[in-house]
There are 2 protein chains.
Amino acid sequence: MTDFAKTKDMFHLPEEMIYLDGNSLGPLPKATPARVARTLTDEWGEMVITGWNRAGWMAQPMDLGDRIGRLIGAEEGHVTVGDTLSVKVFQALAAALAMTDRKVILSDSGNFPSDLYMAEGLIAALGGGLELRVVDPEDVANALTDEVAVLMLTQVDYRTGRLHDMAGLTAQARTLGIITIWDLAHSAGAMDVDVAGCGADFAVGCTYKYLNGGPGAPAFIYVAPRHAETARPILAGWLGHAAPFAFEQGYRPGDGVARMRVGTPPVIQMAALEASMDIWDTIDMADIRAASMALCDRFIAGVEAACPDLTLASPRDAAARGSQVSFRHPQGYAAMQACIAHGVVGDFRAPDIMRFGFTPLFIDAGDVDAAVDVIARVMTDRLWDDPQFHAKAAVT
Amino acid sequence: MTDFAKTKDMFHLPEEMIYLDGNSLGPLPKATPARVARTLTDEWGEMVITGWNRAGWMAQPMDLGDRIGRLIGAEEGHVTVGDTLSVKVFQALAAALAMTDRKVILSDSGNFPSDLYMAEGLIAALGGGLELRVVDPEDVANALTDEVAVLMLTQVDYRTGRLHDMAGLTAQARTLGIITIWDLAHSAGAMDVDVAGCGADFAVGCTYKYLNGGPGAPAFIYVAPRHAETARPILAGWLGHAAPFAFEQGYRPGDGVARMRVGTPPVIQMAALEASMDIWDTIDMADIRAASMALCDRFIAGVEAACPDLTLASPRDAAARGSQVSFRHPQGYAAMQACIAHGVVGDFRAPDIMRFGFTPLFIDAGDVDAAVDVIARVMTDRLWDDPQFHAKAAVT
């Protein structure tokens, strides 16, 4: 059983702040500054160019890929790290479209907009009758037909926390010959995921949210073993080449998912990610999921008891929800600013959503209760109407 | 006049090493570890999510873009930073192809292979009769015809240091209606460049070589003002959207080059880059160019006098050369390993090139003379044949 009191002590949490925004940017692991300093001083500083081999920089994208792969149920050697999530979405989508003659990319309105934008950009370039079809989240299953080339979804809705049935939708897609791309931005590190067990074709995600890799931490991509040697990389970069340092004039894709590497990997960001993965290596994702569901349930009960004006926007059933809880309020933006000014940091998503993320690694039941107290005071006293609050907010 | 004794003192250079590989990975500025530590501890650690605004993370890609823009002669507000060079090549190439009905991408065999690979990957996806035509560097001018859509070149040949006539080729291309993409990987920070004066359409480059941004430092892209509001971003990411935080379902490109931003920027890498740009902000590129030409000339003269077995692979005329000097030798790989083992760090490029980069910021005439002495000893005594050398090399 994971000892969450111990993990909490591994993070630097600002004084007098209850940080419920780890689903946007995870907090700093205490070990990260020293780990990054080592890469700067002992590796870059002393080894300079030889750091690529001597410090293992060149191997990091695949090493980190495997460490993340364990958390999402990937087979070893089938995840790599680099670039940003949007770029990895683009790579997966282009590779998927190259595998089929069908023309429809199916997604939903609960997907993160950038994923939809990347599809738009790709379609505008490729032409050929490709179509992005965006349905409501609850209509996805019905929209799966043999006309669909690719099903591209984010498992957890970034606004409401609504959780898609990844196993069920993937199974249904596979029977119809539809290729699946799962965006695990709000899943990796938030809950147990089983990409291999589900039979997903591609999965992508970021490492700056629940995985605590830091601002601008790199993304990851999973390619199912059955596609590993055939997936066609549209971003055919030299580090995805079979022999990067042969400097051949023509492109030959590297082995498996390594072909999804593109340019020079972000060594300093990867050092920071290594420090957080040192924590994750010790974690059982089933423990995280159980603790996260309990924290979210406790938060919902507390807020609903104390704040009748807030309307739950997340599924009430923990099994249908990711690791966040959202409430709607017409004054949501101002109310969230007031919560933040009083030490409870969540965030706001248009038009009216107050979003709170729960990460058992560093949030415990005491934090939940304290957060509920602050939110109750903000809502009951409408603290955002307080001129003193505005004076204070103006200087922070 | 830049005081290079002063700038040399701003870098950490490993003891007993003459580092002539800043054209591959620049050395560590002494100020970088503290700058990065500040981002980790004071910004990420204390501000967490609010760092995006309070610490200015969101503005960094454009701020850094302008600082780099000054070094390459770009108009203010037309350079942005992010991703890797290969990704920026892809973006520029896709945007250029969307502006024309022509089908030929012209490049040369002196281009960095990854640039050619990215063109290959894009062509394979787009189809439509696009063709990558690769000629010898000296044949580029003659290959410019009204059949050519895009001229995509690296200004400085990564192997030989041969410098293209950027102004002349760009002018010739413009009269023929050809769009130009210049890769400045070995130019930015190495010499004075004038993208605006040349009339280049796009320029891209990296910041981990001469600009000393560190391993995995982000790339940059320049889009000429005349294309700023029409260039179509194939990588249509949310941070290139006109209103990223409106989370609209459809993509609307942002203002100017900001549309070439894609996903979340690499904040920690950008912090490191800021530290090196603090040095670059004080530098006159004309001084760098003059000092670099003098160092390279001195090196050529020294090596040719002492090592008759080495054949100059770089142009003898400094005006036709970037900031590196390459020599050919049949045993080039082993000879370079021996140089490195004896404290002179250059690198090897297949099949037979020993490559040495000169960066006046931290290399002076004394270093050149000392390097020549070591290389002379390695070559005269064929030190790579020495069993003691192999024993030593095996443990480093």
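Bear in mind these aren't lab numbers, they're just calculated from the coordinates by the rules spelled out. Keep in mind the model is a prediction, meaning the values are calculated, not measured. Here the Cβ is made from the backbone with ideal geometry for all residues, glycine too, and neighbour counts use every protein chain on show.
Across the copies of the chain, B:Asp165 has label points (7 Å from Cα along Cα→Cβ) spaced 6.9 nm apart, shortest distance listed first. Size of the stretch A:105-219 from its Cα atoms: along the principal axes, largest to smallest, the extents are 40, 31, 24 Å. What translational diffusion coefficient, in µm²/s and rounded to a whole number, does the Stokes-Einstein relation yield for the protein assembly as shown at 10 °C and a viscosity of 1.306 mPa s, taking the hydrodynamic radius as the Kirkwood radius over Cα pairs? Estimated via Stokes-Einstein, D reaches 58 µm²/s.
In order along the stretch A:240-253, the Karplus-derived 3J(HN,Hα) couplings, from 6.51 cos²θ - 1.76 cosθ + 1.60 at θ = phi - 60°, round to x, 6, 4, 9, x, 8, 7, 6, 5, 6, x, 7, 10, x Hz, and Gly and Pro are given as x.
Restricting to the stretch B:32-280, what percent of DSSP beta bridges are antiparallel, rounded to 5? Restricted to the stretch B:32-280, the bridges split so that about 40 percent are antiparallel.
Stokes-Einstein, applied to the Kirkwood radius of the stretch A:32-280 over Cα pairs at a viscosity of 0.890 mPa s and 25 °C, places its translational diffusion at 133 µm² s⁻¹. Counting neighbouring Cβ atoms within 10 Å and putting the fewest first, the residues B:Thr359, A:Thr160 line up as A:Thr160, B:Thr359.
Once the Cβ-Cβ distance of B:Asp373 and B:Ala98 is raised to the sixth power relative to R0 = 51 Å, the FRET efficiency obtained is 0.40. Amide hydrogen proximity for A:Val204: with H placed 1.01 Å from N in the peptide plane, the residues at 5 or more positions away or on another chain lying under 5 Å are A:Trp182, A:Asp183, A:Leu184, A:Tyr222.
Taking the DSSP beta bridges with both ends in the protein assembly as shown, the antiparallel portion is around 55 percent.
When peptides B:315-326, A:186-197 are ranked by their average number of other Cβ atoms within 10 Å per residue, the highest-first order is A:186-197, B:315-326. Exposure proxy ranking for B:Asp83, A:Asp139, based on other Cβ atoms within 10 angstrom of each Cβ and starting from the fewest, stands as A:Asp139, B:Asp83.
Computed from label points 7 Å out along Cα-Cβ, the spacing between A:Glu138 and B:Leu176 is 6.1 nm.
The mean count of C-beta atoms from other chains within 10 Å of the C-beta of residues in A:105-113, rounded to a whole number, is 2.
Taking Cα centroids, how far is the stretch B:216-248 from the stretch A:292-322 in Å? After rounding, the separation between the Cα centres reads 38 Å.
If you run the Gaussian network model on chain B, springs between alpha carbon atoms under 10 Å, then out of B:Ala371, B:Ala37, B:Ala228 the most flexible one is B:Ala37.
Take each residue in B:50-56, count the other chain C-beta atoms within 10 Å of its C-beta, and the mean is 2. Close amide H contacts of B:Thr311 (hydrogens built in the peptide plane, cut-off under 5 Å, sequence separation of 5 or more or a different chain): B:Arg328. One decimal place: the segment B:Ala294-B:Ala365 gains 24.7 nm when fully extended, by the rule 0.36 nm per residue minus the C-alpha distance. Phi angles across the stretch A:202-213 convert, under the Karplus curve 6.51 cos²θ - 1.76 cosθ + 1.60 with θ = phi - 60°, into 3J(HN,Hα) values of 9, 9, 9, x, 10, 10, 9, 8, 5, 8, 6, x Hz, Gly and Pro given as x.
Estimated from the Cβ-Cβ distance and a Förster radius of 56 angstrom, the FRET efficiency linking A:Arg226 and B:Asp9 is about 0.50. Longest stretch of chain A clear of exposed loop sites (GluC sites (Glu not before Pro), DSSP loop, at most 13 other Cβ atoms within 10 Å, sites excluded): A:230-396. Shown here are the Rg and Dmax of the Cα trace of the stretch A:286-396, at 13.8, 46 Å.
Number of Lys-Lys pairs in chain A with C-alpha atoms under 17 Å apart and a separation of 8 or more places or on different chains: 5. Other protein chain C-beta atoms within 10 Å of residue C-beta, averaged over A:202-208: 1. Legend: ranking of residues B:Ile221, B:Ile123 from fewest to most surrounding C-beta atoms inside 10 Å; resulting order B:Ile123, B:Ile221.
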